[in-house]
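Student: Have a look at the structure that comes next, please.
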């Protein structure tokens, strides 16, 4: 009996030890979870709701939560900082200055490491001491490599610096730590799209859309991919959804018009223009640009170079240079208006000079140069120029993606004209992999007399 | 670690495993919002759908097996715990957006209406029942034989089986408990084959005790053996770590089958085959055919039980995901505990009938409780439809707890009918044993008790024989039983104490004192137990009461050695032996009582004879009057008085004595002393000489017996010659009524106490009317009930107050003593004499 009691005692002690170890493990696993410093649980809850809303791009909702958090705890410094970041220019400058002043003067002593970092980083940026901001970020990330806030700063910096490989790694890391960081999903979608990884891009955009379905941007982002890859009906639905959510989301209107133009449905394009005017609440300049696009694109499609140039020359197309300028340039060139064509190039250079636009504008300029060389029969030079232009382009968006396809179309024409059919076929194959319908449509277009004369029959194109 | 500490740790682990398994099941039925998705537990970190509960929200939303749940409520999930947290924030009935990826890559954003949690299917229920069966069998064996290493390892194996079957096979959902439960189950799965092999290395005989172990040499020592066992458990853990770690390092998800990578399954198969091979080899070298058959039963059960699951896991893992095939893999595992139980019964470790009985009992009770639960829930839902109580998520839990409280009272109620229905034969045997116990209790004849024990009992239990040894003269002598058993049982006292301290009969091996090392010599007890076992003795029980040791009963195995005596039978038998011991003790006491009565009758006769030897009337001579009384403390005493020849021819002397010792020895000594004095007084008139001679004679007897003597003889002129040897001082009552003690001579030791003599008589002259009172120490040392002595002072008062007459003085003293002792039996023999010089007498000496 005594032995049994002793055995029972040992067993109970062992069980208590196991339970204590488990409890200690759980406590250790949950230690240090508190990262926001406030004595008010209600304020903390509001801040967390605000962050969640902010993550999902519900900006107004986030602003309200941050505002309530500040009201509940007037000493809640980080809530003030986040509120400050949400307040737009429409809010009284006085209030923003007041908040900024409070954040700048806040005592960092009792704050968490993350809060100290965010505030010090804000101070450095406020003082335009970007080196210090970068150092702060680096040292904080070294100590807290998994802090999503700091990682987001790092990723955005890499993105802005056009260090796309680093940005992609950074965003991937960020969503591993916090998959609900929606802007990271959006960036990763575009990064995948740029590399032609349509499936991955679609996955990212689909996730993005799932996380923030009542925001216009996720639908618009996905629509860009669908538009580029020829899934036009799906793209239209997404764009319509985006516009249903946010009728003044003008990029979606623009893409709907692009879609109508790609389908050669001018009536639809003009109807859309009316809809923009009626319900779009876009800026007048935006509406004018869209009208310009429709007119230039229609003329170009009809191979009516004079009309294309005329449309582009009208006041409503002033200083608008993307695909409209390219079409207008070709129109001028093919119509024999060489001076006008040169003017487009000069205008482009002026834009580069005036607006500080560098890489994008020079790529467009190189594209135009390639067309000119082809038109002048300097085919090898044209191929080199266009190939280089194509190399420098990626499918970053539907617009840039289509511009890259246009460059590839010109390259195909130059190669075909030069009798380099194998290379031309490879280029065409690449285009078909992106958007087969566009590949067929654009290579069949009589783009200039030289190319029209040199255009091989469809069977020969395919065989090459 | 000592066996006791190991057992304690095992109990603790078992308790933890049991609680975890219970937690797993309770968690599955806690009311909480649930979508109806059962997750694939082998997809680490993913929420891959294994099945969808028909009719659930997920089912209606079109979620199917193979889909991956990527997000819930517009939030991406990193783990099932995220899903649990999100779902716990929702209400039952709420619709939540799910983000699902189809196996072909299609993404679906679907609304799922959350319902009440309800998971678990037939196969899991089977697995749970099987798991708990394993556990309770292991627990029962450990409780019965915690001293056996095989029992401990079996319990460990059964605990791991419990964890595998209940935790590892749990239909995973999003609960936080899932991860803990599933990972623990995986750990158990990985360790299980090692424990399986471990068990077969020591069951039914330790491999290292066989020819292989001796040949390997190193295994004979505990340390390398311990390392070998530790290695067995470390290898699968290492394989798991390498298999999973390598894949994770390569950035890939490890492929798992029921939580373990294929490499571990191969290892499990290898360990299992090794374990079965060891068992097969072990079985071949077992001594008896019965043992070999038992081992082969385990071999067959384990092989048939494990073959399907291992074949499926290693060869066709995808089939395990299908309900039907899963059952094909799991259900045969029931053969393992059954074959173990069967085999262990063969080795007398387990009472399978008891297990069966309890299993049936608990099954019936559980069915009743479940029925009650279902009825209660249905009633409440019906009666309180629409009210808060029926909708509350806590109601089913509270109701379940209430029902659980009813479990034990219900079980008690169910016990009798279940026993009556399933165990009629067993109950008949129990009743017969109870009747035999009653019969034994009523026995007064020891021969009848012996007959009951060695003839009826074996017949009742189907034993080959029973033997009875009774304790006689410090030895256990065989009084009944087969002649090939020893006549006398040299059973050490310590073994008998252990035997009589048990509440159940002991199997012979339980009485073995474990040796600390192989080098320690075999004890005599071990030798005796081996001889008894060779004679067919199976169990031994003590016959003893709280007052005395009576004997030992030996019982053989049953006829044909089919089924050993079960634990319950052994407990009943111990009760029976206790009743037999009381019956035997009663008969012994009755016998002793009869002898005592006879002795008492003889003593009464002796007392009468002794009294008759005392003189009725004492005559010392003219002028002297004597009164006397002698009362023995028991029937016969050691006090006496007598009249012997005096110092001069024709004179008389009075002697009184008190012999050391009472009862019969005292009486005999008294007779001898009295006769000695009589004979010596005839030739030796001087009292000193008389006492010296008597002293020499008594001392020479070397009996260490001595006699306190007093001597008194009349002399010339009213004087008295007296000699006191060991008796109290005589008291003189003067004419004026004063009390004076007489002086004593220097040498006054009792006669026969020392070799040296030197007794000398003194004279005292009494005036007419004066009295002399002589007495033995039984007078002044008489005790009251409170323990107080009567004392000389009290005696003086009584004598002084009494009339001046010898008879009156004696009567007064006796009355005072009776009052003082309140009629209690005298502490010592009592002799009282009073001698008076008559007032009108010249008191001359010599005889008349």
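Nothing in this text is a laboratory measurement; each read-out follows from the coordinates by a stated rule. Bear in mind that the values here come from a model prediction, so they are computed numbers and not experimental data. For neighbour counting, all protein chains shown are included, and Cβ atoms are generated from backbone atoms with ideal geometry for every residue, glycine included.
Student: Could you work out the mean count of beta carbons from other protein chains within 10 Å of each residue's beta carbon in B:105-114? Mind dumping the intermediate values first?
Tutor: Details: counts 3, 1, 7, 2, 4, 0, 0, 0, 0, 0.
Per residue, the average neighbour count from other chains is 2.
Student: For peptide B:12-21, compute the average count of partner chain beta-carbon atoms within 10 Å of each residue's beta-carbon. Working shown, then result.
Tutor: On the way: counts 9, 4, 2, 5, 5, 0, 0, 3, 0, 0.
Mean inter-chain Cβ contacts per residue within 10 Å come to 3.
Student: Okay, next question. Could you compute the FRET efficiency for residue B:300 and residue B:547, with r as their C-beta to C-beta distance and R0 at 51 Å, rounded to 0.05?
Tutor: Working: r = 54 Å, r/R0 = 1.05.
With a Förster radius of 51 Å, E is 0.45.
Student: I need B:798, B:237, B:655 ordered by Cβ neighbour count within 10 Å, fewest first. Please report the intermediate quantities before stating the final value.
Tutor: Values: B:798 21, B:237 14, B:655 25.
Lowest count first: B:237, B:798, B:655.
Student: Run the simple label-point estimate for residue A:130 and residue B:88 please: 7 Å along Cα→C-beta, distance reported in nm.
Tutor: Between residue A:130 and residue B:88, the simple spin-label model gives 4.6 nm.
Student: Let me ask you something else. Could you pull out which residues in region B:573-610 have an amide N less than 18 Å from a spot 7 Å beyond the Cα of residue B:441, following the Cα-Cβ vector?
Tutor: Residues B:573-587 fall inside that zone.
Student: Moving on. Among A:238-244, A:203-209, B:804-810, how do they line up by average Cβ neighbours within 10 Å per residue, starting with the highest? Provide the component values of the computation, followed by the final result.
Tutor: Values: A:238-244: 21.3, A:203-209: 24.7, B:804-810: 18.6.
Listed from highest to lowest mean packing, they are A:203-209, A:238-244, B:804-810.
Student: Where a ≥ b ≥ c are the square roots of the eigenvalues of the C-alpha gyration tensor, would you call region B:705-781 rounded, which needs a/c under 1.5, or, failing that, prolate if a/b is larger than b/c, or oblate? Could the numbers behind the result be given before it?
Tutor: Values: a/c = 2.79, a/b = 1.60, b/c = 1.74.
Verdict is oblate for region B:705-781.
Student: Under a crude label model (7 Å from the Cα following the beta-carbon direction), how far is residue B:678 from residue B:277 in nanometres?
Tutor: 10.2 nm
Student: So if each residue of separation counts as 0.36 nm, and I subtract the Cα-Cα distance between residue B:109 and residue B:592, what length gain in nm does that give? Write out the running numbers ahead of the final one.
Tutor: Values: separation 483, 0.36 × 483 = 173.88 nm, distance 9.83 nm.
Here the segment from residue B:109 to residue B:592 would lengthen by 164.0 nm.
Student: Counting only other chains, what is the mean number of Cβ atoms within 10 angstrom of the Cβ of each residue in peptide A:198-211?
Tutor: Working: counts 0, 1, 0, 0, 2, 4, 0, 1, 7, 6, 0, 3, 12, 6.
Counting Cβ atoms of other protein chains within 10 Å of each residue's Cβ and averaging gives 3.
Student: Please work out the FRET efficiency for the pair residue B:26 and residue B:81, using the Cβ-Cβ distance as r and a Förster radius of 22 Å; give the result to the nearest 0.05.
Tutor: It comes to 0.75.
Student: Packing-wise, with mean Cβ within 10 Å as the measure, how do B:17-30, B:81-94 rank, highest first?
Tutor: Values: B:17-30: 17.6, B:81-94: 15.9.
Most protected by this proxy first, the peptides run B:17-30, B:81-94.
Student: Beta carbons within 10 angstrom, averaged per residue: use that to sort the peptides A:306-315, A:159-168, highest first. Before the final figure, lay out the partial values.
Tutor: Numbers: A:306-315: 19.0, A:159-168: 14.4.
Averaged packing, sorted descending, gives the order A:306-315, A:159-168.
Student: Hey, rough spin-label estimate for residue A:169 and residue B:600, points 7 angstrom out along Cα→Cβ, what's it come to in nanometres?
Tutor: Here the answer is 11.1 nm between the modelled labels.
Student: Residue B:233 to residue B:472: extension gain in nm, 0.36 nm per residue of separation minus the Cα-Cα distance? Let's see the in-between values first.
Tutor: Numbers: separation 239, 0.36 × 239 = 86.04 nm, distance 5.63 nm.
So the chain would gain 80.4 nm between residue B:233 and residue B:472.
Student: Quote the FRET efficiency, to the nearest 0.05, computed for residue A:146 versus residue A:197 with a Förster distance R0 of 22 Å and r equal to the Cβ-Cβ distance. Please list the in-between numbers first.
Tutor: Values: r = 26 Å, r/R0 = 1.19.
Efficiency computed from Cβ-Cβ geometry: 0.25.
Student: Just want the ordering: B:101, A:316, from fewest to most Cβ atoms lying within 10 Å of their own Cβ.
Tutor: Values: B:101 21, A:316 15.
Final ranking by Cβ density, sparse to dense: A:316, B:101.
Student: Subtract the Cα-Cα distance of residue B:664 and residue B:334 from 0.36 nm times their separation in residues, and report this length gain in nm to one decimal.
Tutor: Details: separation 330, 0.36 × 330 = 118.80 nm, distance 7.79 nm.
Gain on extension, residue B:664 to residue B:334, equals 111.0 nm.
Student: Then there is this: Please rank B:747, B:797, A:187, fewest neighbouring Cβ atoms within 10 Å first, as an exposure proxy.
Tutor: Values: B:747 17, B:797 13, A:187 25.
Fewest to most other Cβ atoms nearby, the residues stand as B:797, B:747, A:187.
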